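**Q** Here it is, the structure in full.
The values are calculated or read from the model by the stated rules, or taken from the named source; none is laboratory data. Quick caveat, the model's predicted, so the values are computed rather than measured. Ideal geometry is used to build each Cβ from the backbone, glycine not excepted, and the neighbour counts take in all protein chains shown.
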Amino acid sequence: MSLLKRLEQEKQNLNEGPDTQERVFSQPVVKDPYQELKLKIHKQVIEELDDEILKGDKTDVEISPEKLKSQIEDLVNPIIDREAGFIPRADRAKIVSEIIDEVIGLGPITPLINDPTVSEIMVNGPHQVYVERSGKLQLTDISFRDNDHVMHIIEKIVAPLGRRIDESSPMVDARLPDGSRVNAIIPPLALKGPTITIRKFSKDPLQIDDLIRFGTLTPQMAKFLEACVKGRLNIVVSGGTGSGKTTTLNVLSSFIPNDERIITCEDAAELQLRQEHVVTLESRPANIEGKGAVTIRDLVKNCLRMRPDRIVVGEVRSGEALDMLQAMNTGHDGSLTTGHANSPRDMLSRLETMVLMAGMELPVRAIREQIASAVDMIVQQNRLKDGSRKITHITEVLGLEGDTIVLQDIFVFEQKGVDDRGRIIGQFRPTGIRPKFLSKLEAAGIILPEDTFAVPIS
């Protein structure tokens, strides 16, 4: 979204109705001594910036963020001199910074958005903002003025995407321009006020070397996973919320050769693929009349008609699992997806449940046959108690024996204890079992070193 459009939206939000000033900027529980001054400056800056742009006939010209920040600063300082007289230099600088964040950023949480050490931002109503750093939650000293201020920021996020949030549609999934995922839920569903959860993504996508450095997996496991992706195995990445599934999916997707056509299907487009031939599809919620919804299942069905070499589904949650399995079983080898589960075995159970959610009255054995023939491997990722994220299992799906899908672990993470700093002690190790799909990899010209699956001598 361009800065000019943001400015127009900000002005529209400020002038939406006769009670807008009171609605958007009502008083908080803890009063900021400069609050009324900042409100007055904010409105004047929006009006004066708009007038300057219109007079200069620059409505079709993009303004750089640096130039706009400089313009805002030039406008704010005279207003402070006129309205408040002497204000300490530190407070003045803080007011200028906050006004800039309100006009062209996301208000109080803008510094958190720009902080590379923050991986998640959780706004629990106006007076409680948590962040996640290194896998651990921390309470910040940042707060909003009131519930309406939080609503104002939510509207700034969702409006450019054509999404809406109100009492009739009180939940929304969206994304920021950098691809970060946003979920917002408002009263009457959120009893303590509007709630925002932002899952941030780095501007430069993490690579496999980064995951090795973080201790998520070993170089041996990384080479094996790269071979599996290049060998066109169907892989499901499973794990709990915040375990790093999407990051791992992104890394696995980076191994797809550049000459293949990749189609991604997501609720909020967050995968950051660097290949040349990528088509990104995003689902759409229903409109105000309850019509026009486009689900992940619709996207998966449609992408089968788009001549994909690889299908990457951000996450399977319900009936789209059936379409995904059918795609894997009908010539679209090398497909990737994620799902919520606590273990590889649980992931299979969840897939069964999700296939039943498609409304097809299939016998359980038929579903299991579909799963066993479609899925080649499950990569299980967990977030441990110390906040670290580990790939705890790389598991091969062998097939169906009787009514049971047989699994075998290729690599596992063994937790041995906790050190005096609360960090998990453990090690990755191969189980010594050579996967049965090795012949498929070798047929594709991918030869793994002999010691890839060798159990280390302790």
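**Q** Can you find, within the range 152-206, the residue that is modelled with the lowest pLDDT among those that are within 26 Å of VAL251 (Cα to Cα) and among the β-branched types (Val, Ile, Thr)?
**A** Keep residues of the range 152-206 that are within 26 Å of VAL251 (Cα to Cα), which gives 173-183, 197-206.
Retained after the next criterion (residues that are among the β-branched types (Val, Ile, Thr)): 182, 197-198.
Numbers: VAL182: 91, THR197: 96, ILE198: 94.
Ranking the qualifying residues of the range 152-206, first place goes to VAL182.
**Q** Which of the helices (runs of 4 or more DSSP H) contained wholly in the range 1-108 include at least 2 residues that are in contact with a Ser or Thr (Cβ under 7 Å, 6 or more places away or on another chain) and either at pLDDT 75 or above or not assigned by the TED database to the domain that holds GLY193 (or both)? If you could, list the steps in order and put the result at the bottom.
**A** Values: elements: 3-14, 20-24, 35-55, 65-84, 89-104.
Because the criterion is at least 2 residues that are in contact with a Ser or Thr (Cβ under 7 Å, 6 or more places away or on another chain) and either at pLDDT 75 or above or not assigned by the TED database to the domain that holds GLY193 (or both), the helices (runs of 4 or more DSSP H) in the range 1-108 that meet it are 3-14.
Residue-wise test of (1) surrounded by 11 or more Cβ atoms within 10 Å (Cβ to Cβ); (2) within 22 Å of THR337 (Cα to Cα); (3) among the small types (Gly, Ala, Ser).
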position: ALA358; (1), (2), (3): yes, yes, yes
position: GLN370; (1), (2), (3): yes, yes, no
position: ARG389; (1), (2), (3): yes, yes, no
position: GLU396; (1), (2), (3): yes, yes, no
position: PHE411; (1), (2), (3): yes, yes, no
position: ASP420; (1), (2), (3): no, no, no
position: ARG434; (1), (2), (3): yes, no, no
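**Q** List every residue pair whose Cβ atoms sit under 7 Å apart, with the two residues 6 or more apart in sequence or on different chains, where the first one lies in the range 187-201 and is more than 21 Å from GLY244 (Cβ to Cβ) and the second, anywhere, is polar (S, T, N, Q) and crowded, with 18+ Cβ neighbours inside 10 Å.
**A** Filtered contacts from the range 187-201: GLY193/ASN147; PRO194/ASN147.
**Q** Restricting attention to the range 183-235, and to residues there that are under 21 Å from the mean Cα position of the chain (by Cα), surrounded by 19 or more Cβ atoms within 10 Å (Cβ to Cβ) and of a type in the set (Val, Ile, Thr), which single residue is farthest from PHE413 (Cα to Cα)?
**A** By that ranking, first place goes to ILE186.
**Q** Can you list the strands (runs of 3 or more DSSP E) found entirely within the range 164-238 that contain at least 2 residues being in contact with an Asp or Glu (Cβ under 7 Å, 6 or more places away or on another chain) and over 21 Å from SER134 (Cα atoms)?
**A** Answer list for the range 164-238: 171-175.
**Q** Determine which single condition THR246 fails, assuming it passes every other condition in (1) out of contact with any Asp or Glu (no Cβ under 7 Å at 6 or more places or on another chain); (2) in a helix (DSSP H, G or I); (3) β-branched (Val, Ile, Thr).
**A** THR246 satisfies every listed condition except (1).
**Q** Next up: Looking at the range 352-360, is at least one residue assigned by the TED database to the domain that holds VAL316 and more than 29 Å from the chain's Cα centre (by Cα)?
**A** Yes, because at least one residue in the range 352-360 is assigned by the TED database to the domain that holds VAL316 and more than 29 Å from the chain's Cα centre (by Cα).
**Q** Filter the range 127-179 for residues that are within 30 Å of GLY290 (Cα to Cα), within 16 Å of the chain's Cα centre (by Cα) and not aliphatic (A, V, I, L, M); which is surrounded by the most Cβ atoms within 10 Å (Cβ to Cβ)?
**A** Result: ARG175.
**Q** One residue is enough: does the range 144-167 have a residue meeting the conditions in contact with a His (Cβ under 6 Å, 6 or more places away or on another chain) and closer than 19 Å to ILE99 by Cα?
**A** Within the range 144-167 (the criterion being in contact with a His (Cβ under 6 Å, 6 or more places away or on another chain) and closer than 19 Å to ILE99 by Cα), the answer is no, since none of the residues qualifies.
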